[in-house]
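The values are calculated or read from the model by the stated rules, or taken from the named source; none is laboratory data. As the structure is a prediction and not an experimental result, all values here were calculated from the model. For neighbour counting, all protein chains shown are included, and Cβ atoms are generated from backbone atoms with ideal geometry for every residue, glycine included.
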Amino acid sequence: MSQDESEKIKDIIEKDIWGSIKEFLDLGIHVGEGAKAIDVTVGLLLLITIAFIITSFALKWMRQIFTRNMVQDDKLKFISIFKFIKYAVYVVVVLITLSMAGVDITILITASAALFVGLGLALQELFQDIIGGIFIIIDKSLSVGDIIEVDGKVGKVFEIKLRTVRAITRDDKVVIIPNHKFISDIVYNFTQNHKTTRENVKIGVAYGSDVRLVTSILEEIAQSQKGILKNPKPFVLFDDFGDSALLFSLNFYTNDSFTDPRIKSEVRYKIDAKFREHQISIPFPQRDVHLFQHSPKP
């Protein structure tokens with residue numbers, strides 16, 4: 001092929017083929033002239049579309065990498081997070097595109113910044129809840145079935161969401177706990193490491209009672225009570241010499257700490273019956289009141 005023919009083919013590609021493509025991409029709306037000109041062309045719209053497609057695939061790939069070791073329930077919780085990220089990226093792409101089209105986006109960015117600051121202040125607890133939910137899912141500090149105590153309320157967790165945790169209390173009421181509680185407050189998790197917990201029932205007996213007999217009765221009751229584990233073995237502690245009574249505590253282990261108030265109630269019934277049988281009295285605080293009467297002055 002001669003040099004003239006090569007030059008001719010090159011001209012055809014540059015002027016005819018590429019020129020036609022460039023003319024097609026330059027089709028659109030052209031407003032204004034010079035520095036203030038605004039051009040919304042087919043090429044610009046095509047660039048936006050390609051940017052959206054690439055962004056969507058990139059975020060989907062990142063989500064798959066980030067959640068590949070998570071269980072299905074935890075994966076579903078992250079869908080809303082990645083949707084929020086995707087929309088934020090789309091907004092950035094649109095702003096960049098408008099800037100490329102010649103639109104002055106300085107005022108728009110300034111107004112958006114003020115709006116986002118206001119929204120951030122108004123929704124800061126919401127963001128804290130979402131961050132708390134992410135931490136809960138990642139570090140596994142809470143699981144469905146865990147028994148927790150928050151603000152003096154004991155509940156069994158039955159649902160963990162991105163913003164809230166739902167638990168059912170001992171009186172069958174559902175409590176909805178914002179996730180920021182788990183990163184800012186002290187929360188007791190009774191079953192984080194294992195299902196067994198140690199509970200106790202405190203009792204006072206009158207001074208002069210046979211403390212060995214009291215200990216034996218309490219141990220016998222614990223051994224026979226349904227719901228109290230035989231291993232680890234229950235034990236009794238002589239806690240203190242109180243103002244009105246000798247103070248004991250019956251300590252035992254159970255694998256159902258959610259319903260342990262019922263176990264404690266049964267234990268107290270049995271303690272009362274056994275103490276009556278053995279004439280062991282349970283005292284109550286008593287006070288002597290002395291009245292002094294002064295004779296009237298003459």
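Structure data summary
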{"item": "Criterion violated by L213 - all others in (1) under 20 Å from G145 (Cα atoms); (2) part of a helix (DSSP H, G or I) satisfied", "result": "(1)"}
{"item": "Any hit, segment 180-194, residues being touching a residue at least 24 places away in the same chain (Cβ under 8 Å), in contact with a strand residue (DSSP E or B) (Cβ under 6 Å, 6 or more places away or on another chain) and aromatic (F, W, Y)", "result": "yes"}
{"item": "Test set (1) at pLDDT 95 or above; (2) in a helix (DSSP H, G or I); (3) more than 27 Å from K156 (Cβ to Cβ) - F248 fails condition number", "result": "(2)"}
{"item": "Among (1) of a type in the set (S, T, Y); (2) modelled with pLDDT of 85 or more; (3) not assigned by TED's automatic domain parsing to the domain that holds K202 - the single one S295 does not satisfy", "result": "(2)"}
{"item": "Tabulated pairs, segment 226-239, first over 9 Å from F252 (Cβ atoms), second charged (D, E, K, R) and not in a strand (DSSP E or B), C-beta under 6 angstrom, 6+ apart or interchain", "result": "V236/E219"}
{"item": "Test: residue in segment 206-213 that is crowded, with 17+ Cβ neighbours inside 10 Å and either in contact with a helix residue (DSSP H, G or I) (Cβ under 8 Å, 6 or more places away or on another chain) or outside the structural domain of T259 (by TED's automatic domain parsing) (or both)", "result": "no"}
{"item": "Selection within segment 190-199 - under 13 Å from K233 (Cα atoms) and of a type outside the set (D, E)", "result": "T196, T197, R198"}
{"item": "Residue within segment 135-143 that is among the small types (G, A, S), surrounded by fewer than 16 Cβ atoms within 10 Å (Cβ to Cβ) and either in contact (Cβ under 8 Å) with a residue 12 or more places away in the chain or closer than 24 Å to T196 by Cβ (or both) present", "result": "yes"}
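Rundown of residues vs (1) touching a Leu at 6+ places or on another chain (Cβ under 9 Å); (2) buried (at least 16 other Cβ atoms within 10 Å of the Cβ); (3) within 23 Å of L229 (Cβ to Cβ), yes/no style:
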{"position": "V154", "(1), (2), (3)": "no, yes, yes"}
{"position": "E159", "(1), (2), (3)": "no, no, no"}
{"position": "V165", "(1), (2), (3)": "yes, yes, no"}
{"position": "R170", "(1), (2), (3)": "no, no, yes"}
{"position": "I177", "(1), (2), (3)": "no, yes, no"}
{"position": "I186", "(1), (2), (3)": "no, no, no"}
{"position": "N193", "(1), (2), (3)": "no, no, yes"}
